[in-house]
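The values are calculated or read from the model by the stated rules, or taken from the named source; none is laboratory data. What you see is a predicted model; the values in this text were computed from it and never measured. Every residue, glycine among them, receives a Cβ derived from its backbone with ideal geometry; neighbour counts consider all protein chains shown. All accessible areas refer to the heavy atoms of the entire protein, side chains included, with ligands and DNA or RNA removed. Shrake-Rupley method; radii C 1.70, N 1.55, O 1.52, S 1.80 Å.
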Amino acid sequence: MSHTEKSISRTGISAALPSGRRRRSRLGEKVIEGIILANGLTAIVVLIGVLFLLLRTGLPVFTHTPPWEFFLGTKWYPVSEPPTFGIMPFFVATLWVSGVSTALAVPIGVACAAYLAEVAPPTVRETVKPIIEILAGIPSVVMGFIGLSLLSPYVQSLFNLNTGLCGLTAAIMLSLMSLPVIVSVSEDALRAVPNSFREASYALGATKWETVIHVCIPGAISGIAAAVMLGVGRAIGETMTVLMVAGGALAVPASPTDPMMPMTAAIASGIGNAVRGGPQYQALFAIGVILFVMTLIVNLIADRVLEQQKRKFART
């Protein structure tokens, strides 16, 4: 073989190598795409399966309890003859606890996120944010013990109540549990605001805090709204804390300082005494359907506003 033929042969081999690597790279990409697709389909199948299980077990309660009595009734007598199931006390209690906890957690969480994103030095941010996020890792039963032993006596003495186990105590504990989500997502949204917005505000003579209040927070309002909705979803779905410190009363609560039983606590406290497949069992699963739908709506709204924020900053 001549020198020229050897050179041509080497050139052909070297040209073929990148092509083989590209094929292996495309094959790896397809494998990864297949894994991601399988995970997504699995999540969808599990979600549909959970909803099907809840509907199959919960909907039969309406064969012996009319829907309007179930949703608007104020009496829950599962062992009477015939049994009476009215979830209005549980539903109102869920609204009280979720609403008060959101009202407490949102201002504190957004203010903390604004400080971490816009004002705090990097060392302070790197120290404080992980400490806040540690709250997300504390088990709910531990938070319930903290509310039971430390917070409830203080609430009782402050409002001159017969007991400190009430919706307000549960709402305060839920606000502490919602803070990590609100602070983390809001801080990420504030840091995603383009620096050109801040520079334009400074160029017009605005101060640091005026820029934060009138430019950064409005610019990140979609992400902050998503953080709030995720916090609401956490408050709606929490079980052990509200079961331990909300009081467990079956009456419709008129104020946050009344003892109450949210829907999650009603399920946790009643499922152990329910006969499998019986009317009480079906009624508790029907409450689970309502909780599932409420949480799903909150998460869908949060996902929608996050997508809106991504599109907004993609245009900028």
Exercise. In degrees between 0 and 90, to the nearest 10, how far off the longest principal axis of the chain does helix 88-114 point, with axes built from Cα atoms?
Worked result: 40 degrees
Exercise. Using a Gaussian network for the chain with springs between C-alpha atoms less than 10 Å apart, which of these wobbles most: Ser101, Ser157, Ser222?
Worked result: Ser157
Problem set entry | Cα gyration tensor shape for the stretch 206-295, rounded if a/c is under 1.5, else prolate or oblate | prolate
Exercise. What residues have an amide H closer than 5 Å to that of Phe85, excluding those fewer than 5 places away on the same chain, when H is modeled at 1.01 Å from N in the peptide plane?
Worked result: Tyr77
Problem set entry | P(r) weight above 22 Å for the stretch 39-188, C-alpha pairs, percent | 63 percent
Exercise. When the helix-only estimate is applied to the chain (DSSP H runs of n ≥ 4, each -39,500 (n - 2.57), divided by the residue count), what is the mean residue ellipticity at 222 nm, nearest 500 deg cm²/dmol?
Worked result: -23500 deg cm²/dmol
Problem set entry | Whole-percent pair-distance distribution, where bins are 5 Å wide, for the alpha carbons of the stretch 166-216 | 4, 18, 18, 13, 12, 11, 10, 7, 4, 1, 0
For this session: Could you order Lys129, Lys30, Lys75, Lys208 so the one with the most accessible surface comes first? Probe is 1.4 Å.
Result: Lys30, Lys75, Lys208, Lys129
Seminar exercise, completed: Helix 122-134: inclination vs the chain longest Cα principal axis, degrees, rounded to 10, gives 50 degrees
For this session: Just reorder Thr257, Thr207 by solvent-accessible area, largest first, 1.4 Å probe, all chains present.
Result: Thr207, Thr257
For this session: Would you please classify the overall shape of the stretch 32-116 from the alpha carbon gyration tensor, given that a ≥ b ≥ c denote the square roots of the eigenvalues, rounded means a/c under 1.5, and beyond that prolate means a/b larger than b/c while oblate covers the rest?
Result: oblate
For this session: Can you tell me the relative contact order of the chain? Whole percent, Cα pairs under 8 Å, sequence separation 6 or more.
Result: 24 percent
Exercise. How far is helix 221-237 tilted off the main Cα axis of the chain, in degrees rounded to 10, range 0 to 90?
Worked result: 50 degrees
Problem set entry | Accessible area in the full protein assembly, largest first, 1.4 Å probe, for Trp209, Trp76, Trp96 | Trp209, Trp96, Trp76
For this session: Compute the separation of the alpha-carbon centres of the stretch 51-92 and the stretch 164-189 and state it in Å as a whole number.
Result: 30 Å
For this session: Enter the Cα centre distance for the pair the stretch 237-261 and the stretch 117-156, rounded to the nearest angstrom.
Result: 22 Å
For this session: Taking the dipole about the Cα centre of the stretch 188-316, with the C-beta of Lys and Arg at +1 and of Asp and Glu at -1, give me whichever of Val245, Val289, Ala189 is farthest to the positive side.
Result: Ala189
Problem set entry | Heavy-atom accessible area per residue - the chain, 1.4 Å, Å² | 55 Å²
Problem set entry | Carbon plus sulfur fraction of accessible area for the stretch 159-316, probe 1.4 Å, in percent | 62 percent
